[in-house]
Amino acid sequence: MPRGDGKATTPTKTGRGRAAGHAGDTAHKADADANGAPGRFITTRVEIEGREQIRIVERPAFELPPWSTDGPLSVVGQRVPRVDALEKVTGRARYTTDIQRPGTLHVAILRAPIARGRVTRIDLAPALSLPGVRDGVTRADLPTIDIGGVPLLDPTVHYAAQPIAALCADSEELARDALRHVVVEYAAEPHAVTVEDALAPGAPLVRPGGNRSRNSPKLYERGDAAKGLRDADVVVTREYRTPVALHSALEPHGAVAEWAGDQLTVWESTQGIFNTREDLANAFGLPMTQVRVIKDYMGGGFGAKNGASTNAYLAAALARRTGRPVSCINERDAEQMDSGNRPATVQRVSLGARRDGTLTAIVLEAQIPLGIGGWQGGPAKIYHELYSCPNVHTSETYAYINASAMASFRAPGHAEGAFGLERAMDTLAAALGMDPLALRVANYATTNVEKLRPYTSKRLDECYRMGAERFGWTRGAAPALHSSIRRGRGMASLTWGAGGGPPAYALVRLNPDASADVLTGSQDLGTGTRTVLAQVAAEALGARLADVRVILGDTERTPYTGNSWGSMTVASVAPAVRMAAVDARRELFAAAAAMLSVDASQLDARDSVIRARGDGASITFADVGAKLGDVMIIGRGSRGPNPDDAHIAAFGAQFAEVEVDVETGIVRVLRIVSVHDSGRILNPTLAESQVEGGIIQGIGYALFEERVLDRTLGIPLNPTLHDYKIPTMCDIPLLDVLFVEHSDDQANHVGAKGLAEPPIIPTAPAIANAVADALGVEVNEIPLTPWRVRAAIGA
C-alpha cells in the first residue's frame with residue numbers, strides 16, 4: 001500500500017484493510033463452508049492511488065439494490081450547505097493547533113543544515129539548563145522509528161532539514177530559542193540532490209544497497225513497441241520535465257499527545273486515524289486498545305498525512321517522559337522542507353501513429369528521484385490505460401537522492417504522467433495536421449486496455465462533447481491582441497481509479513428524540529465528508545437532514561474505515577452508511593408497524609415521518625422513539641466487494657484558454673472548462689468545490705510551484721510560502737465545472753465514484769497545450785515561469 005510517510009506495510013495483514021496478496025491474484029476467491037457455499041470472507045480488488053490490491057472483505061449481511069431503482073431522491077443530490085459551516089466561519093472548529101490540554105508543553109525540532117554527513121557531537125545540556133525547558137531527546141532516547149526511510153533523529157544526516165533532536169518547553173518561543181543553545185557539530189560529506197548526480201558513476205551512496213530503488217527500472221510491455229514505431233507513418237519523440245511540488249497545506253503537520261497511565265491519546269492532523277493508531281502502537285509497544293487517535297477538523301492533507309508523523313512520535317515520546325501533554329506543530333519552513341512532496345520526473349516519450357491518427361506505439365523512458373525514501377508511484381500508469389494502443393512500453397527508473405522523502409500528492413504519478421503524455425499527444429496532432437481533440441477521440445479506449453476488463457461505466461466521450469460545446473472548442477492561428485499578447489487554447493484528458501472499496505464500516509444510532517448519529521472511522525479533510533454522509537444517511541432513513549449528525553475521526557468511538565486518500569472516501573464509506581441506515585430503518589419500521597397495526601412492508605418514511613401506503617396512517621420518528629423509551633435502534637453497515645469482472649474509474653476532460661505576454665513571458669489563465677464522469681454526484685456544490693480546488697492546485701503546478709535545491713549545498717532555497725508561490729485569488733481564472741449525470745450502479749449501490757484527485761490531472765497539460773498554441777512553439781517543462789516561456793520563444 002502506498003504510504004505518504006514512506007513506511008512499508010505488511011502484505012499479510014488482512015484484517016484492517018492492508019494488502020492481502022498481490023494484484024495478480026484472482027478477486028472474489030471465497031472460502032467455502034462444509035456444504036460448499038461461499039464463505040463469510042472473500043477477496044476483492046481495490047485500486048489505491050494507481051495501485052491495484054487484493055483485499056479481504058467481509059460479505060455484507062444483506063444486499064441493497066442500486067439507488068437508481070428507487071426513483072427520485074430527495075436529500076442526496078441536493079445542494080446542501082456544509083453541516084460544519086457555522087463552526088468554521090465562527091472559529092469554533094477545533095484544529096490540532098487549537099488543542100490545549102492543561103500544562104501543555106511545546107516542542108521545537110533541531111534540523112540538519114547539511115544534505116549529507118554525520119553528527120559528530122551533540123550536547124543538549126546547555127539548552128536543558130534554561131528556565132522553562134523541560135526535556136529533550138536525541139536518537140538514543142527513542143525506540144526505533146522509521147520516517148520516510150530514515151530512523152527518527154538519526155545522527156547520520158541524509159538530507160537537509162532532517163530532524164536531529166527535539167526540545168520541549170513551556171512555550172513555543174522558549175523551545176525555539178533553546179535550540180540555539182544546543183551544541184552540535186557536523187561532518188559534511190558529498191551529496192547527490194539530482195537524479196543525474198545520483199545515477200552518475202561514482203555517485204555518493206545515498207542509501208545502503210545503492211542509489212537505484214529496488215525493482216528499478218520498473219517495466220511494462222504490451223505488444224511490440226519497437227515494431228509499432230517502425231510501422232508508424234509519423235513518430236514524435238520529446239523530453240518532458242516536471243518539478244518537485246510541495247503539498248503546502250494551510251494546516252501544517254502537527255500532533256498533541258497525552259498519557260493517562262498506559263493509555264495514549266493523540267490528536268493529529270491525519271488522513272488516516274487507524275493507520276496512525278497502528279503506527280504509534282507498534283512504535284511504543286502498545287496494544288491498539290491503549291492508543292486513541294482523534295482528528296476533528298483538518299486544514300488540508302493532499303496525501304502527505306497518511307500515517308503517524310514525526311510530530312506524533314516526538315509528542316508521544318516527550319509526553320511519556322515528562323508526564324505532561326505535549327504539542328508538536330511544524331513551523332512553515334519545516335512543513336515545506338520536510339513533510340513530503342510530489343517527486344520530479346524526466347519523461348522521454350515517443351508516440352507513433354498512422355496518417356489517420358491511430359496510435360501504433362507509446363514508449364516512455366522515465367527517471368524519478370524519490371528523495372531519501374518513498375514508494376514507486378511514477379508517471380507510467382496513465383500511459384498504459386488512457387488511450388487504445390496495441391504496443392506500449394514503459395520503463396521507470398527510481399533513484400534515491402539526498403532530499404526529503406516523497407509522499408503521495410493528489411493523483412500521484414498521474415498528474416506527472418499526464419503532462420508528458422498529453423503534451424506528446426498535442427505534438428503528434430500538430431505533426432499529423434490533426435485537431436488535438438479529434439486525435440484523442442480517434443484513440444478512445446472502450447475498455448481498460450491494461451487490465452483487459454471492461455469499465456463499470458465510461459463516459460469520457462460525453463465529457464469531450466459537453467466540454468467542447470461549452471468551451472467553444474476550435475483551434476486555429478493564435479490571434480494577436482496587440483503586439484505582445486497572444487491567446488491560445490488547449491485541452492487534456494484524464495483517467496483515475498476512483499472506485500474505492502472495502503473494508504469500511506458504519507453504525508447508525510437512532511435516539512428517542514428522532515435524532516440520528518452516524519458513526520464511521522472516516523476523516524473529513526475539508527472536503528465535506530460530514531455533509532455528504534449525513535445526506536446519505538438521511539436519504540436512506542427517510543429522516544430530516546437536520547436530525548442527522550455524523551461522528552467521525554476518532555478510533556475509540558467509531559468503527560474502522562481506511563485512509564481518506566486516492567479519491568476513495570465517499571465511494572468506500574457512503575455504501576456502508578447507506579446500509580447501516582437501511583438496517584436501522586428496518587428496525588424502526590418493525591416497531592412502527594406494530595404501533596400502526598400495519599405490515600412493515602407497507603411503510604415509507606420521509607422528513608422523519610413514517611406513513612403507511614393505502615390508509616395513510618402515520619407516526620413520527622419521535623413518537624416511535626417516545627413509545628420505545630430507552631430501547632435503542634442501531635443499524636450496522638459495511639462496504640461490500642468491488643465487481644470482479646469490471647474496472648472502476650473516473651474520467652474527464654479540461655479545456656483551457658490563456659494569454660501569454662511574449663515580452664515578459666507571463667502566462668495568465670483566462671478560463672477553464674472542466675467536465676467529469678464521476679458517477680452519482682451526491683452534493684453538486686461540494687463536488688464543484690472539489691473540482692475547483694484541484695484545478696487551482698493544478699494551476700500552481702503548471703505555472704508557479706517548484707522546490708529549488710542548491711545543487712552545491714543541497715539545501716532548499718525557497719522554504720516558505722513567500723518564496724514558494726502557490727496560486728492566490730489574483731491567479732484564479734473563470735472556472736466552469738460540469739458533470740456527466742449518471743449513477744454507476746455496477747461500481748456500488750450508491751452509484752458514486754471518487755472526485756478529489758481527477759481535476760488536478762489534466763490541468764497542467766491543458767494549460768501548457770494552450771501556451772504552445774498561443775506561441776506556436778513547444779513548452780516541455782513546467783512550471784511555465786516567465787524565464788522558461790521566454791527561453792522557449794527564444795529557442
Report, by residue number, each residue of segment 441-472 that is without any contact (Cβ under 8 Å) to a residue 60 or more places away in the chain, part of a loop (DSSP other than H, G, I, E, B) and more than 23 Å from Asp356 (Cα to Cα). Leu452, Gly472
Just one listed residue, out of Ala108, Ala115, is part of a loop (DSSP other than H, G, I, E, B), surrounded by 18 or more Cβ atoms within 10 Å (Cβ to Cβ) and touching a residue at least 24 places away in the same chain (Cβ under 8 Å), and it is Ala115
Going through segment 339-373 one residue at a time, which ones are open to solvent by 10 Å² or more (accessible area, probe 1.4 Å), within 20 Å of Pro217 (Cβ to Cβ) and either modelled with pLDDT under 95 or among the basic types (Lys, Arg) (or both)? Arg348
Would you confirm whether any residue within segment 124-131 is open to solvent by less than 50 Å² (accessible area, probe 1.4 Å), of a type in the set (A, V, I, L, M) and modelled with pLDDT under 95? no
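Gly377 - would you say it is within 22 Å of the chain's Cα centre (by Cα) and either part of a helix (DSSP H, G or I) or of a type in the set (S, T, N, Q) (or both)?
Numbers: within 22 Å of the chain's Cα centre (by Cα): yes; either part of a helix (DSSP H, G or I) or of a type in the set (S, T, N, Q) (or both): no.
Here the answer is no, as Gly377 does not meet what is asked.
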Keeping to segment 295-316, report how many residues are touching a helix residue (DSSP H, G or I) at 6+ places or on another chain (Cβ under 8 Å) and either surrounded by fewer than 19 Cβ atoms within 10 Å (Cβ to Cβ) or at positive phi (or both). 1
Does Ala764 qualify as being small (Gly, Ala, Ser), surrounded by 23 or more Cβ atoms within 10 Å (Cβ to Cβ) and assigned to a loop (DSSP other than H, G, I, E, B)? no
Check on Pro727, over 18 Å from Val667 (Cα atoms) and in contact (Cβ under 8 Å) with a residue 12 or more places away in the chain: no
So which residues in segment 615-666 are within 30 Å of Glu462 (Cβ to Cβ) and β-branched (Val, Ile, Thr), if there are any at all? Ile648, Val658
Among (1) open to solvent by 10 Å² or more (accessible area, probe 1.4 Å); (2) among the aliphatic types (A, V, I, L, M); (3) at pLDDT 95 or above, which single condition is Ala534 missing? (1)
Could you grab me the full set of residues in segment 400-438 that are out of contact with any strand residue (DSSP E or B) (no Cβ under 8 Å at 6 or more places or on another chain), hydrophobic (A, V, I, L, M, F, W, C) and open to solvent by 10 Å² or more (accessible area, probe 1.4 Å)? Ala430, Met434, Ala438
Filter segment 150-172 down to the residues that are free of Cβ contacts under 8 Å to residues at least 40 places away in the same chain and surrounded by 24 or more Cβ atoms within 10 Å (Cβ to Cβ) and list them by number. Leu153
Any idea which residue in segment 629-662 is nearest to the chain's Cα centre (by Cα), counting only those that are open to solvent by 50 Å² or more (accessible area, probe 1.4 Å) and modelled with pLDDT of 95 or more? Arg636
Are there any pairs with C-beta distances below 8 angstrom linking a residue in segment 495-510 that is under 23 Å from Phe589 (Cα atoms) to a residue that is assigned to a strand (DSSP E or B) and polar (S, T, N, Q), with the two at least 6 apart or on different chains, and if so which? Tyr505/Thr561; Tyr505/Ser638; Ala506/Thr561; Ala506/Ser638
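The values are calculated or read from the model by the stated rules, or taken from the named source; none is laboratory data. Everything numeric here is computed off the predicted structure, so don't read it as measured data. When we count neighbours, we look across all protein chains shown, and the Cβ atoms used for this are built from the backbone with ideal geometry, even at glycine. Please note that ligands, DNA and RNA were not included when accessible areas were found on the heavy atoms of the full protein model with its side chains. Shrake-Rupley method; radii C 1.70, N 1.55, O 1.52, S 1.80 Å.
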